[in-house]
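In what follows, a structure is listed as structure tokens, so that the remarks can point back to it.
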Amino acid sequence: LCPQGQLLARSWSSLFEGQVGAAPRGPIYSFNGRNILTDPLWPRQVAWHGSTPRGGHARRRDCQGWRSSGPGEGLAAPLGEDRLLAGQRHNCSEA
């Protein structure tokens, strides 16, 4: 459960194994209470993770340990898809 009381996934493993209904369901709130799926301050609804599809560290795909906003690449998954660790490459300078 998230802090607002909504069920995000049926189990921890279902977030990563691509099971039916495994994708986090909205609303999903930022730490300051904004619904990131509808708030205009969140232009992209993706979960940045830098992990392989099996949950390991995707070397050179984590924006240098999330410290760089330069030309490197990080992996992110669109929220609302069936796999939280789906890896789509995004430039580290993206919002």
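Quick notes on this one:
- Loop-located chymotrypsin sites (Phe, Trp or Tyr not before Pro) in segment 25-65 whose Cβ has at most 14 other Cβ within 10 Å (DSSP): F31
- Amide hydrogen proximity for A47: with H placed 1.01 Å from N in the peptide plane, the residues at 5 or more positions away or on another chain lying under 5 Å are A77, L79.
- Spin-label model, S11/R44: points 7 Å from Cα along the beta carbon direction are separated by 3.2 nm.
- You can think of it this way: the chain between S69 and E94 has 8.2 nm of extra reach, that is 0.36 nm per residue less the Cα-Cα gap.
- Under 9 Å, Cβ to Cβ, from S51 - net charge with Lys/Arg +1 and Asp/Glu -1: +1
Computed from the coordinates by the stated procedures, all read-outs in this text should not be read as laboratory data. This is a predicted model, so every value here is computed, not measured. A quick note on method: Cβ atoms are made from the backbone with ideal geometry, for glycine too, and the neighbour counts reach across all protein chains shown.
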